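Quick notes on the structure that follows.
The values are calculated or read from the model by the stated rules, or taken from the named source; none is laboratory data. This one's a predicted model, so the numbers in the text were calculated from it and none came from an experiment. Note that we place each Cβ from the backbone using ideal geometry, even for glycine, and neighbour counts take in every protein chain shown. Heads up: the accessible areas ignore ligands, DNA and RNA and are worked out on the full protein's heavy atoms, side chains in. Shrake-Rupley method; radii C 1.70, N 1.55, O 1.52, S 1.80 Å.
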2 protein chains.
Amino acid sequence: MATRDWEALKVKVMQWIKEAADQLRASLSGPLEVSEKSAHNDLVTNMDRAVEQFLIDKIRSAYPDDKIISEEGFGDAADTNDGVLWLLDPIDGTLNFVLQKRFFAISIGVYENGFGKAAFIYDVMSDELFHCLSGKGAFQNDKQLLRLTEVSIDDALLDLSATWLKPNRRIDENIMTDLVRRCSGTRAYGAASLELAYVAAGYLDAYFTMRLSPWDYGAGLILLNEVGGSYSTAEGAQIDILSKTSVLAARPGLYEYMAAHIRDQVKQGKFIREPS
Amino acid sequence: MATRDWEALKVKVMQWIKEAADQLRASLSGPLEVSEKSAHNDLVTNMDRAVEQFLIDKIRSAYPDDKIISEEGFGDAADTNDGVLWLLDPIDGTLNFVLQKRFFAISIGVYENGFGKAAFIYDVMSDELFHCLSGKGAFQNDKQLLRLTEVSIDDALLDLSATWLKPNRRIDENIMTDLVRRCSGTRAYGAASLELAYVAAGYLDAYFTMRLSPWDYGAGLILLNEVGGSYSTAEGAQIDILSKTSVLAARPGLYEYMAAHIRDQVKQGKFIREPS
């Protein structure tokens, strides 16, 4: 296999995202076709499907040997990290897309033999692209993101959904209580790729969730890695990019503090259950 | 007292906000002077004070007989609704201002004899102004906001801080649990005036907090009233615009549902404690 020209890939993907975003913006002036998937608040629209198909056609045409894991199922059933793998979400934050018509993103992460190589997270309505090529620095549009520095829990802004603070199937609702109590404040934006990008950009100090799919976190983890952010499953295990997983992502220092707290809570008997 | 020309007031306030926002944007390129007020995460910066003083000078010069209640204390100690009262927050979302350099707003609400007359909530970094004159329609920049329609709890996006879902002094952390479990999703942006404006604009279906000051909610409630939103204290009492208070604000229908749920929980013995 010839070495890939990642700069050329970046130029292509940015152009595809621009075209996909034009389709998305145009769609918001008319009615959306919305239907439910696994649950009442797990929505899919005609635009999720149309934009996914559009992007997959572009990827397959330019890189026919690559594999694609995507939210709406037009991609491949990849079961290996070998080769080049695309993790694609045409609309991350579909609930925001439907209810708010903003705060949603196109998320594309590209891995080679399991290593993150290129990431693109585009906030369509605010025209804000978080992107990087591994080793070349991460950017918010044209502005290079700084390497993340340490922060204490007391000064930290944490992003986590209220879901994990009331009784639920995935985590004892008391595990995160002390962290929420000690931190400076909590936020929740409802679009995982953007929330991971916000950690990378320093707008948030940590992001925590018990349930994400590869297309949700694929690009975000690459971006985080590029700026020195730390991440793992909730219990500190390495994330398998082919699987649904919990995600704890944070600035260095804060990550270790939060991970130790969660491990300690689990040791005391509180439960964590990974998604499957 | 001569009848006030509210259209002329609107033109003036919009110009003042524009100038204040220019100062705020310019300040973000240099270092901020940050200090703590009542708590570790209750911050004030040199810019909160400078912009408050700037706006108060403008108000006093144009409307010398009016009273002003403002966050940083350069206003008046108003204890009556008589006459014209300005509720002013130079930077709502100071933690966002300091940590994110965005998602903060200038909030100005103007009341006459206790009735909301004019509201201005300006998201400085996204250049988005939510505004209204009572009876003349509410606007997001130039776009008129629609009258709010009903929504069920199952389809609702609720905004509330994680603070109210873990043990705290103001509300039994279990009161909101069933609402969070049933709704479509939760959000938290960390700037009350914007969150109230988002309910008015239909981006959120409800906003709930146990602790706001007049300058935080003054403009937001006027905007909500203009589009048919409902609001009260957490327990359903009318809000006294001179006092710190809890706030439940929502679309019609959803408001009644949430208020009834909270009343029922309190009747069952769970506590709510208003701020003083």
Query raised in the report: If you take the charge dipole of the protein assembly as shown about its Cα centre, with +1 on Lys and Arg Cβ and -1 on Asp and Glu Cβ, which of B:91, B:271, B:31 is farthest toward its positive end?
Result: B:271
Query - Partner lysines for residue B:270 [C-alpha distance under 28 Å; skip if fewer than 8 residues away on the same chain] - result: A:166, A:270, B:166, B:244
Report task. Any chance you could give the angle, 0 to 90 degrees and rounded to 10, that helix B:6-27 forms with the longest Cα principal axis of chain B? Result -> 90 degrees
Report task. Report, in whole Å, the centroid distance computed from the Cα atoms of the range B:90-139 and the range A:198-276. Result -> 35 Å
Query raised in the report: Using 18 Å as the cut-off for backbone N distance, which residues of the range A:148-179 belong to the label zone defined by a point 7 Å from the Cα of residue B:36 along Cα→Cβ?
Result: A:151-158, A:179
Query raised in the report: What gaps in nm, shortest first, separate residue B:143 from its twins in the other copies when you place the label 7 Å past Cα toward the beta carbon?
Result: 2.4
Report summary line: For the range B:34-173, the charge dipole (Cβ of Lys, Arg +1; Cβ of Asp, Glu -1; about the Cα centre) points to a positive end, and the Cα of B:164, B:50, B:110 closest to that extreme belongs to B:50
Query - 10 Å binning of all Cα-Cα separations within chain A, expressed as whole percents from 0 upward - result: 7, 31, 36, 21, 5, 0
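When ligands, DNA and RNA are left out and all protein chains stay put, how many square angstrom of accessible area per residue does chain A have with a 1.4 Å probe? Please list the in-between numbers first.
Values: 10940 Å² over 276 residues.
With all protein chains present, chain A gives 40 Å² per residue.
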Report summary line: For the range A:30-62 the trypsin sites (Lys or Arg not before Pro) that pass both the DSSP coil test and the at-most-13 other-Cβ-within-10 Å test are A:37
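Need one word for the range B:6-144: rounded, prolate or oblate. Basis is the Cα gyration tensor (sqrt eigenvalues a ≥ b ≥ c); a/c below 1.5 gives rounded, then a/b vs b/c decides. Don't jump to the answer; show the numbers that get you there.
On the way: a/c = 1.89, a/b = 1.32, b/c = 1.43.
Oblate, since a/c reaches 1.5 and b/c is not below a/b.
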**Report entry** Tensor-based shape of the range B:11-86 (alpha-carbon gyration tensor, a/c under 1.5 rounded, otherwise prolate or oblate)
**Finding:** oblate
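Given the -39500 (n - 2.57) contribution per DSSP H run of 4+ residues, what per-residue ellipticity at 222 nm results for chain A, rounded to the nearest 500 deg cm²/dmol?
Numbers: 7 runs with 88 residues, N = 276.
About -10000 deg cm²/dmol.
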**Report entry** DSSP-loop GluC sites (Glu not before Pro) across the range A:167-276, with at most 14 other Cβ within 10 angstrom
**Finding:** A:235
Query - Cleavage-rule hits (GluC sites (Glu not before Pro)) in the range A:1-34: DSSP loop, at most 15 neighbouring Cβ within 10 angstrom - result: A:33
Report task. Please state the charge dipole magnitude for the protein assembly as shown, taken about the Cα centre, from unit charges on C-beta atoms (+1 on K and R, -1 on D and E), reported in debye and rounded to the nearest 20. Result -> 440 debye
Report task. With a/c under 1.5 counting as rounded, go ahead and sort the range A:153-267 into rounded, prolate or oblate using the C-alpha gyration tensor (a ≥ b ≥ c being the square roots of the eigenvalues; past the cut-off, prolate if a/b is larger than b/c, else oblate). Result -> rounded
**Report entry** At 7 Å out from Cα toward Cβ: residue B:35 inter-copy label distances (nm, ascending)
**Finding:** 6.1
**Report entry** Percentage relative contact order, chain A, counting C-alpha pairs under 8 Å, at least six apart
**Finding:** 16 percent
Report task. Could you tell me the total accessible area buried at the B-A interface, probe 1.4 Å, in square angstrom to the nearest hundred? Result -> 3000 Å²
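Relative to the Cα centre, what is the charge dipole magnitude of the range A:153-267, using +1 at the beta carbon of each Lys and Arg, -1 at the beta carbon of each Asp and Glu, and rounding to the nearest 20 debye? Let's see the in-between values first.
Details: 11 positive and 14 negative charges, 68 e Å.
Here the range A:153-267 has a charge dipole of around 320 debye.
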Query raised in the report: Can you give the alpha-carbon Rg of the protein assembly as shown over 2.2 N^0.38 Å, where N counts its residues?
Result: 0.98
Query raised in the report: By a straight-distance test (C-alpha under 13 Å), which aspartates and glutamates pair with residue A:143 as possible cross-link partners, with residues fewer than eight away in the same chain excluded?
Result: A:128
Query raised in the report: Based only on the alpha carbon positions, what is the Kirkwood hydrodynamic radius of the range B:75-217, in angstrom?
Result: 16.4 Å
Requested in this report: Please give the average number of partner chain Cβ atoms lying within 10 Å of the Cβ of each residue in B:159-165, rounded to a whole number.
Outcome: 6
Report task. State to the nearest 20 debye the size of the charge dipole of chain A about its Cα centre, where the only charges are +1 on K and R beta carbons and -1 on D and E beta carbons. Result -> 380 debye
Query raised in the report: Shortest first, in nm, what separates the label point of residue A:102 from those of the same position in the other copies (7 Å along Cα→Cβ)?
Result: 1.1
Query raised in the report: Using alpha carbons only, how many degrees (0 to 90, rounded to 10) separate the axis of helix B:192-201 from the longest principal axis of chain B?
Result: 70 degrees
Query raised in the report: Taking every residue in B:99-107, how many Cβ atoms of other protein chains lie within 10 Å of its Cβ, on average?
Result: 3
Query raised in the report: Using alpha carbons only, how many degrees (0 to 90, rounded to 10) separate the axis of helix B:254-267 from the longest principal axis of chain B?
Result: 60 degrees
